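The block underneath contains the structure these notes are about, expressed in structure tokens.
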Amino acid sequence: MKFLSILVAAGAAAPAIALPTAEPRATCTNPTKRVEWRQLSVADQQSYIKAVLCLKTKPSKMGLKTSLYDDFPNVHFNYNKYIHGSAPFLPWHRYFTHVYFDALRECGYEGPGTHGRPPPLGRHVPRDRLRRRWQRAEDGALPDGEEQLHCVTEGPFAGLRPEYLAVTPFKMMDGGHCLFRNLPEISEPQAFQTMTSSFGPAGVAQVQDSPDFAVYHTALEGGPHGVIHASLGGEMNPTTSPNDPLFFLHHGQIDHLWWEWQQKNASRLEDYNGKASHLGEDGDREVKLDDIVPMNGLAKDLTVREVMDTLHGELCYTY
Ligand SMILES: *[C@@H]1O[C@H](CO)[C@@H](O)[C@H](O)[C@H]1NC(C)=O
Ligand SMILES: [Cu+2]
């Protein structure tokens, strides 16, 4: 099945990273409370979407010719090996999502951070409407092969042109490509049925029952997390998946789940272990709380310790 390609290594060398300066761990006052997307006011939803589009007009913070919008898929693509299939998955994506919400603030968004949650299955968009949307191809100006993509042609993101795409036969494309989704719900209904058992309430409850971090991060990443990527398909499959604005609602929810799991037992604020292929090193080694959470210049690097508790230091949010 095509949708497993999220786990394919993208193979780009990770750039050198600066060590963070040691700082006292400040306890935050006045944390913001993140809310589910549908609990945002309509004004906040509109402002959020406007800010997402505005990221395309801001310069890269990583010294690239492309926009701030494109920094996010770029950095995610470059750290692929370190941040997926291993312990850093949860802390890295926690900080990454936070950095994104901060970037939206620079684009005028004043509402809280947010997250998604799948609506009751089959209830979101009528199937025939979904099918019509999926079948419609974008007219004109498609790079070679783009006609095979199911471009988003309606709504605020219809004109969006993300620059980077890590999927064969495409490479990092100059001039961008349409935002696309594959929607296995329509293209592979049987596979989609299997996916729903993983990201549905029973599947999630089972993951949330995990006894420790090692079991938990593996079950969450490979289960509901991976399957939501797969169930949207298209842009959400390759390691440039932050191209799709839905990525951040999805990872907001993955972070929400980790937060809920941590709330059940205070020692989980320090439960971090396992092996990872560290940047610039051969082979895997044991992770530790003092490892850095690298952002390659998109934001300052933090340590894992600094992101374990959302109420400490930089993060300062709750759910
Ligand atoms: C609390 O969490 C730690 C770390 O995840 C785990 O090892 C321990 O078994 C948990 N205790 C209970 C009572 O669940
Ligand atoms: Cu990821």
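The values are calculated or read from the model by the stated rules, or taken from the named source; none is laboratory data. Bear in mind the structure is a predicted one, so any value in this text is a computation, not a measurement. Every residue, glycine among them, receives a Cβ derived from its backbone with ideal geometry; neighbour counts consider all protein chains shown.
Structure notes:
- Checking Glu188 against (1) modelled with pLDDT under 85; (2) surrounded by fewer than 16 Cβ atoms within 10 Å (Cβ to Cβ); (3) on the phi < 0 side of the Ramachandran plot, the condition it does not meet: (2)
- Given (1) away from ligand 2 (no atom under 13 Å from the Cβ); (2) surrounded by 24 or more Cβ atoms within 10 Å (Cβ to Cβ), index of the condition Asp212 fails: (2)
- For segment 250-290, a residue qualifies if it is away from ligand 1 (no atom under 16 Å from the Cβ), at positive phi and touching a residue at least 60 places away in the same chain (Cβ under 8 Å), and exactly one does: Gly280.
- Residue list for segment 186-225, filter: aromatic (Phe, Trp, Tyr) and within 16 Å of ligand 1 (Cβ to nearest atom): Phe213, Tyr216
- Unique match (being at pLDDT below 95 and either more than 16 Å from Cys28 (Cβ to Cβ) or away from ligand 2 (no atom under 16 Å from the Cβ) (or both)) among Lys300, Lys275: Lys275
- Selection of segment 221-277 for residues being closer than 22 Å to Phe77 by Cβ, among the acidic types (Asp, Glu) and not in a helix (DSSP H, G or I) yields only Asp244.
- Subset of segment 287-311 that is outside any loop (DSSP other than H, G, I, E, B) and touching a helix residue (DSSP H, G or I) at 6+ places or on another chain (Cβ under 7 Å) - its residue that is surrounded by the fewest Cβ atoms within 10 Å (Cβ to Cβ): Met308
- Under the condition of being hydroxyl-bearing (Ser, Thr, Tyr) and within 13 Å of Tyr82 (Cα to Cα), the residues counted in segment 273-313 number 1.
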